[in-house]
Amino acid sequence: MKEAYEKPVILKLKTGMMNKFGSSPAYIRKIRKEIDGVPVEELVEKFGSPLFVFSEKKLRQKFREVKNAFTLRYPNVEFSWSYKTNYLDAICAVLHQEGETAEVVSEFEYEKARRLGVPGNQIIYNGPYKPYDSLVTAVKEGARINIDHFEEIADLEKVADELGVKPRVGIRLNMDTGIHPQWSRFGFNLESGQALDAVKRIASGGKLELVGLHCHIGTFILDPHAYEVEVRKLVNFAYTVEDQFGFKIDYLDIGGGFPSKNRLKGIYLPPEVAVPSVDEFAERVCSALLSSLRPGDYPKLILESGRAIVDEAGYLITTVHAAKRLPSGLKAYVLDAGVNILFTAFWYKFNIEIDREVYGTSEPCVLYGPLCMNIDVVDDLTYLPPLPRGTRLILSPVGAYNVTQWMQFIRYRPAVVLIGENGEVDLIREAEDLTDIVRREKLPERLKLEW
Amino acid sequence: MGKLERLAINDEGFIFDPETGNSYTVNKTGLFIIKFLKEGKSEEEIVKALSEKFDVSEEDARRDLVDFMEQLRLYGLLEGENV
Amino acid sequence: MYRVAVSGINAVDNPGPGVGIAKGLKGGSLEVSIYGLAYDAMEPGIYMKWLFEKSFIMPYPSAGEEPFIERLLYIKSNYGLDAVIPALDAELPLFIKSSSLLESYGVKTFLPTEEQFKLRGKDHLPEIAERIEVKVPETRIVTSYEELSKAVEELGFPVMIKGIFYKAYKAFNISQATSYFNSIVAEWGYPIIVQQVVTGEEMNVVGVGDGEGGHFGLVGIKKLWITSLGKIWTGVTVRNEELLSATERFVSEFKWRGAFEFECIVSNRDIYLIEVNPRFPAWVYFATGVGVNLPDRLLKAALGLEPERDWDYPAGKLYVRFTDDFVTDMSEFQRVVTRGEN
C-alpha cells in the first residue's frame, strides 16, 4: 500500500511570515465539489471552463432576507432591481418574480427591461445621461424618472409639452452623509441649496409634478449610520418641499450601496466581521424614517439594492492551466479566467475553493489570468496547496457586476448557467464564438485577402 | 562536503542551516527527496523511489522534483554538483 | 487558578501591550496561568516562559472568524481557558463580534461594544469632543489633492496628516503634505484627516470602564521621552484634574466598557482630544506599577468578580523602559514553527 502523495514543498522562515496558519490555513482549506448539489466536474464537462454559475436558491433566499429585513420594519417598501449589477434575463426574471421592479440607468437597460416584459410604470429610470428620445418613451410609458441635472428638467418640460401631459418626476440629490468620497457628481447638492433651486425651477415651470426624492450615497458602504443620516436629510428635505411648494413627496428612493460578504482589498478584517448584517442597515433606515416622518405619513421607501442580493449567488469555475515558479521563488498559476471576465478582481479578494482534496502544505502563490497582459492578476497573493494542472478553482462571490462589465478582450466570454431550486441546470447565456464578434464587422471589398 | 550535508534536519521537517543561520520547513515528500539528494542519488533514482513509496506517477513525480530542486537552488541549498 | 490568554506579545521596538498586561496579571491577587497568543514565531513573548506558560500561533484575524474561534476553542479544550484579553486593534472587531459565542463556551472577555469600538475612527473625534466638552484640533476630512490643498490653506502650516486609524505625520509644506497624503492613501486608503497642530503637553490616560458609566481606575501620564517610532521610553504620572475629569466624562457619557487609552494635548486649561484607543496601551504596566493594577481589575470584571475601584495614585512616579535579552535554544523556535505552539 503506497502512501498518499503530496507535492514536495520547502519554505524559508522569515519574520512576519512565520505563521503556521497563514491567511488561508491548511486545516481550513476550502474544498467545494459541488454547487447546490451539482458536481463541479459535471458542470464543466457539459458547459466548459471557465463557467459562471448562479444559484437560484441563493438568489431568492438573499432577496427574501433583504426584503424581510425592511418590510418587517416599515409598511411601504418597493425593491427595484439594479439592472447594471446583473442584467442577464434569467437573473432579472427571478427577481421580478420575487416582486422587484426594474431600476435602469440607460436606454439600453430600459429596452432590455421592456423586452423582458416589465411594464413601463414598473421601471425607475436613473442616470446622468438620458437621451431625449428615451425620455419621451419613458414618459409615455409612465416610468418613474429621477432627474439628474437642470438640463434634464428642461428636456422633460419639452417632453411634457410635446405629449401634452404633466409627468410625475423625482430628483436625485447628493449630500454629506459622512461617507468619503462623497458622490457629488450625480444629482443636485443638498447642502449648497442647489437641490432647493431645482425644486424652485420645477415649481416655476409648472409642467412637472415633483413626487419623489432619490439619492445614492456610494457603493459598498460599511457604515449603517450613513443611511440613517441620508434618510433624515431626505425626510427633512421632503417636508421643506411639501411645505414650501405644495408638492407631495410620494417616494423616497435611498438607492443601494449595501455591501455583500465580499472581501474588499484594503479592508483587513474578514467580511463576516467587517460587513454589517442587512438587519443592521434596515434597522437604521427604518427607525430613522419612523422617527422623522410626520404621524400617519408613510411615503414609499424604494431600495435599489444590487450587489447585496446577487453577488453571493454567483460563482466562477476556473481551471489551472499551468503552474510556474517565478524568479522571486513565488509560485504562480495560470488560470483560464482573468480580469477580462472578472472585473471585480480589481477591488475584491475572492473566496477561493478547490474542487478536490489536495495534499501538502499551503504555499504563497499568485493567480494569473490567461491574458497576455501584465494587469491580468486574479489574486496577487494567496495561500494554496500545490495544485496539479487541471484543478478547478471555484471563485466567489462574483454575481455582481462581472457579467455586465466583462470584456470581450482577446478571448470569448464563457457560458453562464443557472442552477434551479430543484437542481435543474439551465444555460442562461451561451459561450460566445467567432460569429458573435464578427457579426457587426464590415470588410471593404478592396481589402479582401486573396491568400 | 556539499551544502545539503551540513543541514541539520529533524523528523518534523524543520531544517536549520548552521552556516547561514536560515531555517526552513519542508513537508514529508520534500524531506524524502532531500534525504536522497544527500545520499547523492540521481534524479531518475529519486523519481523511481518516489513513485514506489507514494501514490504518484513517475511523470508527475518528475515534474514536481524539477520544481522542488528549483526551489532548493533558489534558496542556495543546492549547488551545481548536486544538479 | 484561572487560565488567561493575552495577545500582543510582540515585545519589539513597536511593542504590543501583551507583556505589560501579563506582568500586571502575575502581580495581581488572582492566581493565574497566562497563555500568549502570537501571530509570528519570532514574537519575543513566546520565549518569555516566566510570563507565558504556553504560547500559541493564531491564524490571522483576516483569515476569518471560524478558524480564529476554532483555534481558541482548541486551546480551551486541550489546556483550559477562562478568559482572553485581546490587545491588538486588528483582533478587536472579531473578539467583540464573537464575545457572546466565546462566553457560551466559557471563555470570558471584557470588551467595548461595537458602537464604542467605532469611536476610535478619527473622523468620530469631533462628536466625542462635543459630547464631553473638550476641544479637538481643527480638522478637515479630505479625499483629493484639491481638498487637501484647500484644507492646508485654511489651517495653515504646519499641519498633521493622518489616516483614520493609523499613521500621523507633521507636514511643514505642501509637498510634504502631498507625499504623506499619498503614502497613507497607499497603505490605508481614504479618507485622510488634515489637522491643525496644537501645541501643549501630550498627556494620556489609561483606564478600564465598567460599562455602566463608572470605571475601575484611571492613571494619567505624560510622555517624557519617545523613540523615533513615537513609543514611550520614559514617562511620569500626572494628576491633571481637567484631564482626569474629561476622561471620566468620556467614560460616563459613552458608558465605556473595557480597557481604553485616552490621548490628549493639554494646553493651559484646554484639553484637545487626539485619539481614543479601545484597548490597553503598551505602557499599561505603568498603572500596575503605581498601584492601580488595571489588567488584574479587567480580568476580574471579565470573570464576574468585583474589581477594586480605588485609583489614588501619586503624581511624579517615573516610568523607565529598558532593553533586556536572554538566550534560549533553537528547539524552542523549532517547536513553535512546526507545531504552532510551545
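Of the listed requirements (1) surrounded by fewer than 16 Cβ atoms within 10 Å (Cβ to Cβ); (2) within 30 Å of A:Gln61 (Cβ to Cβ); (3) at pLDDT below 90, A:Gln405 misses just one: (3). Just to verify a result, which residue in region A:164-181, among those that are surrounded by fewer than 21 Cβ atoms within 10 Å (Cβ to Cβ) and either more than 14 Å from chain C (Cβ to nearest Cβ) or touching a residue at least 12 places away in the same chain (Cβ under 8 Å) (or both), is nearest to C:Glu147 (Cα to Cα)? Looking at the filtered set, the residue picked out is A:Pro181. Of the candidates C:Ala282, C:Ala287, the single residue that is in a helix (DSSP H, G or I) and away from chain A (no Cβ under 14 Å) is C:Ala287.
The number of residues in region A:171-188 that are in a loop (DSSP other than H, G, I, E, B) and on the phi < 0 side of the Ramachandran plot comes to 11. Please tell me if C:Phe333 is assigned by TED's automatic domain parsing to the domain that holds C:Val84 and outside any loop (DSSP other than H, G, I, E, B). For C:Phe333, the condition - assigned by TED's automatic domain parsing to the domain that holds C:Val84 and outside any loop (DSSP other than H, G, I, E, B) - is met.
Screening the candidates C:Glu248, C:Glu253, C:Glu261 for the property of being surrounded by fewer than 16 Cβ atoms within 10 Å (Cβ to Cβ) and not in a loop (DSSP other than H, G, I, E, B) yields one hit, C:Glu253. From B:Glu39, B:Glu19, B:Glu59, grab the single residue that is more than 9 Å from every other protein chain (Cβ to nearest Cβ), in contact with a helix residue (DSSP H, G or I) (Cβ under 8 Å, 6 or more places away or on another chain) and surrounded by fewer than 19 Cβ atoms within 10 Å (Cβ to Cβ). Result: B:Glu19 is the single residue among B:Glu39, B:Glu19, B:Glu59 that is more than 9 Å from every other protein chain (Cβ to nearest Cβ), in contact with a helix residue (DSSP H, G or I) (Cβ under 8 Å, 6 or more places away or on another chain) and surrounded by fewer than 19 Cβ atoms within 10 Å (Cβ to Cβ). Within region C:103-128, the residues that satisfy the criterion of being modelled with pLDDT under 95 and of a type in the set (A, V, I, L, M, F, W, C) are C:Phe117, C:Leu119, C:Leu125, C:Ile128. Could you please find all residues in region A:189-227 being of a type in the set (Phe, Trp, Tyr) and either in a helix (DSSP H, G or I) or within 12 Å of A:Phe237 (Cα to Cα) (or both)? Across region A:189-227, the qualifying residue is only A:Tyr227. For region C:330-342, the criterion of being more than 26 Å from C:Met58 (Cβ to Cβ) and among the polar types (S, T, N, Q) is satisfied by no residue at all.
Is it the case, given these coordinates, that C:Leu243 is in contact with a helix residue (DSSP H, G or I) (Cβ under 7 Å, 6 or more places away or on another chain), crowded, with 20+ Cβ neighbours inside 10 Å and touching a residue at least 40 places away in the same chain (Cβ under 8 Å)? Considered against the rule, which asks whether it is in contact with a helix residue (DSSP H, G or I) (Cβ under 7 Å, 6 or more places away or on another chain), crowded, with 20+ Cβ neighbours inside 10 Å and touching a residue at least 40 places away in the same chain (Cβ under 8 Å), C:Leu243 comes out as no. Quick one: would you say A:Thr391 is touching a residue at least 60 places away in the same chain (Cβ under 8 Å) and either touching an Asp or Glu at 6+ places or on another chain (Cβ under 8 Å) or aromatic (Phe, Trp, Tyr) (or both)? Judged against the criteria, A:Thr391 is a match. Could you list, in sequence order, the residues of region B:42-56 that are free of Cβ contacts under 8 Å to residues at least 24 places away in the same chain and either facing chain A (nearest Cβ under 8 Å) or within 24 Å of A:Met1 (Cβ to Cβ) (or both)? Within region B:42-56, B:Glu45, B:Ile46, B:Val47, B:Lys48, B:Ala49, B:Leu50, B:Ser51, B:Glu52, B:Lys53, B:Asp55, B:Val56 meet the criteria.
Of all residues in region A:240-272, exactly one satisfies the criterion of being within 12 Å of chain C (Cβ to nearest Cβ), surrounded by fewer than 20 Cβ atoms within 10 Å (Cβ to Cβ) and part of a helix (DSSP H, G or I), namely A:Glu272. Here the condition is being over 17 Å from the mean Cα position of the chain (by Cα) and either more than 12 Å from every other protein chain (Cβ to nearest Cβ) or at pLDDT 95 or above (or both); of A:Leu330, A:Leu289, A:Leu316, it holds for A:Leu289 alone. Looking at C:Leu94, C:Leu88, which is the one that is within 13 Å of chain A (Cβ to nearest Cβ) and part of a loop (DSSP other than H, G, I, E, B)? Just one listed residue meets the conditions, C:Leu88.
Residue check: A:Phe350 meets all listed conditions (1) of a type in the set (A, V, I, L, M, F, W, C); (2) under 18 Å from A:Arg389 (Cβ atoms); (3) touching a Leu at 6+ places or on another chain (Cβ under 6 Å) but one, namely (2).
Out of region A:308-334, which residues are β-branched (Val, Ile, Thr) and without any contact (Cβ under 8 Å) to a residue 60 or more places away in the chain? Answer for region A:308-334, where residues must be β-branched (Val, Ile, Thr) and without any contact (Cβ under 8 Å) to a residue 60 or more places away in the chain: just A:Val334. When region C:97-134 is filtered for residues that are under 18 Å from A:His225 (Cβ atoms) and of a type in the set (Phe, Trp, Tyr), only C:Phe117 remains. Among the residues of region A:1-28 satisfying the criterion of being more than 7 Å from every other protein chain (Cβ to nearest Cβ) and touching a helix residue (DSSP H, G or I) at 6+ places or on another chain (Cβ under 8 Å), which is modelled with the highest pLDDT? Among those that are more than 7 Å from every other protein chain (Cβ to nearest Cβ) and touching a helix residue (DSSP H, G or I) at 6+ places or on another chain (Cβ under 8 Å), it is A:Gly22. Looking at region C:51-71, can you tell me whether even one residue there is away from every other protein chain (no Cβ under 14 Å), assigned to a loop (DSSP other than H, G, I, E, B) and in contact with a helix residue (DSSP H, G or I) (Cβ under 7 Å, 6 or more places away or on another chain)? Looking through region C:51-71, at least one residue is away from every other protein chain (no Cβ under 14 Å), assigned to a loop (DSSP other than H, G, I, E, B) and in contact with a helix residue (DSSP H, G or I) (Cβ under 7 Å, 6 or more places away or on another chain). Of the residues screened, A:Val378 is not one that is β-branched (Val, Ile, Thr), touching a Pro at 6+ places or on another chain (Cβ under 8 Å) and either within 14 Å of chain B (Cβ to nearest Cβ) or buried (at least 17 other Cβ atoms within 10 Å of the Cβ) (or both). Is it the case that C:Leu101 is under 30 Å from A:Lys14 (Cβ atoms), more than 9 Å from chain A (Cβ to nearest Cβ) and either without any contact (Cβ under 8 Å) to a residue 60 or more places away in the chain or part of a helix (DSSP H, G or I) (or both)? Here the answer is no, as C:Leu101 does not meet what is asked. Take A:Glu283 and decide whether it is touching a strand residue (DSSP E or B) at 6+ places or on another chain (Cβ under 8 Å), of a type outside the set (Ser, Thr, Tyr) and in contact (Cβ under 8 Å) with a residue 60 or more places away in the chain. The answer is no for A:Glu283. Among the residues making up region C:18-48, those that are more than 14 Å from chain A (Cβ to nearest Cβ) and part of a loop (DSSP other than H, G, I, E, B) are C:Gly27, C:Gly28, C:Ser29, C:Leu30, C:Glu31, C:Met48. In this structure, is A:Gly338 out of contact with any Cys (no Cβ under 9 Å at 6 or more places or on another chain), closer than 15 Å to A:His321 by Cα and within 14 Å of chain B (Cβ to nearest Cβ)? Answer is no for this residue. Taking the numbered list (1) part of a helix (DSSP H, G or I); (2) out of contact with any strand residue (DSSP E or B) (no Cβ under 6 Å at 6 or more places or on another chain); (3) surrounded by fewer than 17 Cβ atoms within 10 Å (Cβ to Cβ); (4) not small (Gly, Ala, Ser) in turn, B:Leu65 passes all entries but (3).
The values are calculated or read from the model by the stated rules, or taken from the named source; none is laboratory data. Since the structure is predicted, the reported quantities are computational estimates derived from the model, not experimental observations. Note that we place each Cβ from the backbone using ideal geometry, even for glycine, and neighbour counts take in every protein chain shown.
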